[in-house]
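Note sheet for the following structure.
The values are calculated or read from the model by the stated rules, or taken from the named source; none is laboratory data. Given the structure is predicted, the values throughout are model-derived calculations rather than measurements. Every residue, glycine among them, receives a Cβ derived from its backbone with ideal geometry; neighbour counts consider all protein chains shown. Only protein heavy atoms, including side chains, enter the accessible area calculation; ligands, DNA and RNA are left aside. Shrake-Rupley method; radii C 1.70, N 1.55, O 1.52, S 1.80 Å.
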Amino acid sequence: ASNLFPEIAYALLTDPDFGAGKLVGVDSVDKGAMEDAADFCKKNNFFWDGVISSKINLREFLFEHAGYCLLDFTIIGGKFSLKPSVPVNNQNYIDKNVPPKVVGLFTDGNIKDLQVSFLDPTERQLFRAAVLYRSETENGFPETKSILVSSTSGSNDDAIEQFDLSGFCSSYQQAKSFACYAINTRLLVDHGVSFTTAPQYLENITPGSYFKLVSEVTHTSRFRNGAISANGEIVSMDGLKDSVGYPNNISIYFWKPGTVGVDEATLDTTNVSESLYGSVFSVKNTTTEKKIYKCETISYGEEGLIEVSGSYAPVDGNGNLAVMQNWDVGFDVVGD
């Protein structure tokens, strides 16, 4: 008997009677990674006290419920495994001060076909998480409890999204940790990348590991653009502003409807030139983009190259993952 999700997942993948042992089996599961994931769950009070009462799609089930335990469900080298999706210390406890281990570097010189996909604004809308979990007492009846977790960066007008974990979650700590991680991910992760590269550049990189992408292409500054109205008013997202306001003398590319070609100019935000009235613009990139990404998939592409996809993993000034910060002081928790 076990209430650790990695041990349950291992049983479902290897047992020939009640699991998929005849199709998957022991040889197709990374037992060492599963043991490490089980130790992670035990030490951080992430438990799975539930019942599987009907037939399920095993891969979808493992992928979904791994996320509730802050685990990544991966298939590496043909072997199923679970890995912590958050940084841990040498004792396998969650540690927000452990920086992500960057194991690869990609630049404009060793990649091609770089593509960036930004999340839709509706997918990035900040929310308040209402999480249901189960409180249990020995030889007593279980009680369903709830907490409402909200970021101090949000407001009371943010939509409420409900996560019903009462069917298996019996830990308040797990319910709160999942909510904080989910809210911070929605708040901070805004895009992903994909590209192709040669196999020799992928040494030590597996799904779940981190790599750095250094590019001179302005692919992640989607807010540093805007429009200038017919009367010279600048319309732009706050990403164009600095701590004081709009800076002066910004180098831009601009285009006017009805004209051919894109021109360059200097935008004086205190006295907009009439030649820029009625145009749309984008700020010229003068610095190299250096960002960290979490590898999501690695697959074979065309011409013997490898396709890699990753999601943006923002870091703070100390190099630690931003989605792990302020769990104690950056969130308000209401409820049991």
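Can you give me the number of residues within the stretch 143-153 that are under 20 Å from the mean Cα position of the chain (by Cα) and buried (at least 17 other Cβ atoms within 10 Å of the Cβ)?
3
Restricting to the stretch 285-336, name every residue that is small (Gly, Ala, Ser) and free of Cβ contacts under 8 Å to residues at least 40 places away in the same chain.
Ser299, Gly317
Leu267: open to solvent by less than 60 Å² (accessible area, probe 1.4 Å) and at pLDDT below 90, yes or no?
Yes, satisfied.
State which residue pairs qualify: first residue within 29 Å of Phe195 (Cα to Cα) and inside the stretch 93-109, second residue small (Gly, Ala, Ser) in any location, beta carbons under 6 Å apart, and separation of 6 or more residues or different chains.
Pro99/Gly319; Val103/Ser209; Asp108/Ser215
Restricting to the stretch 281-334, and then to whatever is within 30 Å of Ala230 (Cα to Cα) and surrounded by fewer than 16 Cβ atoms within 10 Å (Cβ to Cβ), can you tell me which residue is modelled with the highest pLDDT?
Per the stated criteria, the residue is Lys284.
If Glu64 satisfies every condition in (1) of a type in the set (D, E, K, R); (2) touching a residue at least 40 places away in the same chain (Cβ under 8 Å); (3) more than 30 Å from Tyr201 (Cα to Cα); (4) not in a loop (DSSP other than H, G, I, E, B) but one, which is the exception?
The number of the failed condition is (2).
Looking at (1) more than 23 Å from Val323 (Cα to Cα); (2) in a strand (DSSP E or B); (3) open to solvent by less than 60 Å² (accessible area, probe 1.4 Å), which one does Gly140 not meet, given that it meets all the others?
(2)
Report yes if some residue within the stretch 39-60 is buried (at least 16 other Cβ atoms within 10 Å of the Cβ), of a type outside the set (S, T, N, Q), more than 26 Å from Ser135 (Cβ to Cβ) and touching a helix residue (DSSP H, G or I) at 6+ places or on another chain (Cβ under 7 Å); otherwise report no.
Yes, the stretch 39-60 contains at least one residue that is buried (at least 16 other Cβ atoms within 10 Å of the Cβ), of a type outside the set (S, T, N, Q), more than 26 Å from Ser135 (Cβ to Cβ) and touching a helix residue (DSSP H, G or I) at 6+ places or on another chain (Cβ under 7 Å).
Given the structure, is Ser221 buried (at least 18 other Cβ atoms within 10 Å of the Cβ), closer than 30 Å to Gly301 by Cβ and modelled with pLDDT under 85?
Here the answer is no, as Ser221 does not meet what is asked.
Between residues in the stretch 1-18 that are without any contact (Cβ under 8 Å) to a residue 40 or more places away in the chain and residues that are aromatic (Phe, Trp, Tyr), which pairs lie under 8 Å by C-beta distance while being six or more apart or on different chains?
Ala11/Phe18
Name every residue in the stretch 117-134 that is touching a Ser or Thr at 6+ places or on another chain (Cβ under 7 Å) and not charged (D, E, K, R), in order of residue number.
Leu126, Ala130, Val131, Leu132, Tyr133
Quick check on this structure: which one of Ser117, Ser81 is surrounded by 14 or more Cβ atoms within 10 Å (Cβ to Cβ) and part of a strand (DSSP E or B)?
After applying the criteria, what remains is Ser81.
For the stretch 176-199, does any single residue satisfy the condition of being touching a strand residue (DSSP E or B) at 6+ places or on another chain (Cβ under 8 Å), polar (S, T, N, Q) and assigned to a loop (DSSP other than H, G, I, E, B)?
No: the stretch 176-199 contains no residue that is touching a strand residue (DSSP E or B) at 6+ places or on another chain (Cβ under 8 Å), polar (S, T, N, Q) and assigned to a loop (DSSP other than H, G, I, E, B).
Report, by residue number, each residue of the stretch 19-37 that is touching a residue at least 40 places away in the same chain (Cβ under 8 Å) and open to solvent by less than 40 Å² (accessible area, probe 1.4 Å).
Answer for the stretch 19-37, where residues must be touching a residue at least 40 places away in the same chain (Cβ under 8 Å) and open to solvent by less than 40 Å² (accessible area, probe 1.4 Å): Val24, Ser28, Val29, Ala33, Met34, Ala37.
Give the stretch 85-104 a look and list any residue that's touching a Lys or Arg at 6+ places or on another chain (Cβ under 9 Å), more than 23 Å from Val214 (Cβ to Cβ), in a loop (DSSP other than H, G, I, E, B) and not aromatic (Phe, Trp, Tyr), or say none.
Across the stretch 85-104, the qualifying residues are Ser85, Val86, Gln91, Asn92.
Return the residue satisfying two criteria in turn: it lies in the stretch 120-137 and is closer than 23 Å to Asp332 by Cβ and among the polar types (S, T, N, Q), and of such residues it is most open to solvent (accessible area, probe 1.4 Å).
If we take residues in the stretch 120-137 being closer than 23 Å to Asp332 by Cβ and among the polar types (S, T, N, Q), then Gln125 is most open to solvent (accessible area, probe 1.4 Å).
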